[in-house]
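Throughout, read-outs are computed from the coordinates displayed, never taken from laboratory work. Values in this document were obtained by computation on a predicted structure and should not be read as measured data.
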Amino acid sequence: ATRIMFRVAAKRAAEGPGSRVTGEWSRRSITSGSCLATEGLEVQAARPWDQVGTNAAVDHAEAVASLFAADRKVALFAVPAPFTGTCTNEHVPGFVANADAILAKCDELICFSVSCPYANDGWAKAMGVDQSKIKFVSDVDGSVSKAWDVTKDYS
């Protein structure tokens, strides 16, 4: 059976002067046959704002159902937001360092966040990530995260 492990990083506030912000992890296991409520849901591929050709959202939308088609094995990790210190310095570098080993066992490695595709593209470039190895996708309105029940309110 195909098994996808979805990890969502949740930032916990630092307590007191000199303390270190640590990561708190929640895990949701999605197995073959699970209802992902993916019908009609889309993510946006990371892309530069000033790209040649069309930059319309409809031309860069990817159906969530096709990303997780039954014939594909996908390694997916999610981060709260691009350009945050913890995500930039702690979450992504391990996937960058291990991308080749991960891709030897699956078809695609995806970084997922609720963000705009332009921020994700700029963030990946700022970190020097080879986007042919790690695909950055944006859940621009949070609908995919809500459908997967992996949202967190930080207000």
Listed residue pairs exceeding 18 Å between alpha carbons, taken from LYS73/LYS146; LYS73/LYS135; LYS73/LYS152 | LYS73/LYS146; LYS73/LYS152
Sort out for me the Cα centre separation of the range 134-149 from the range 92-120, rounded to whole Å.
-> 14 Å
In nm, what is the difference between 0.36 nm times the number of residues separating ASP59 and THR84 and their Cα-Cα distance?
-> 6.2 nm
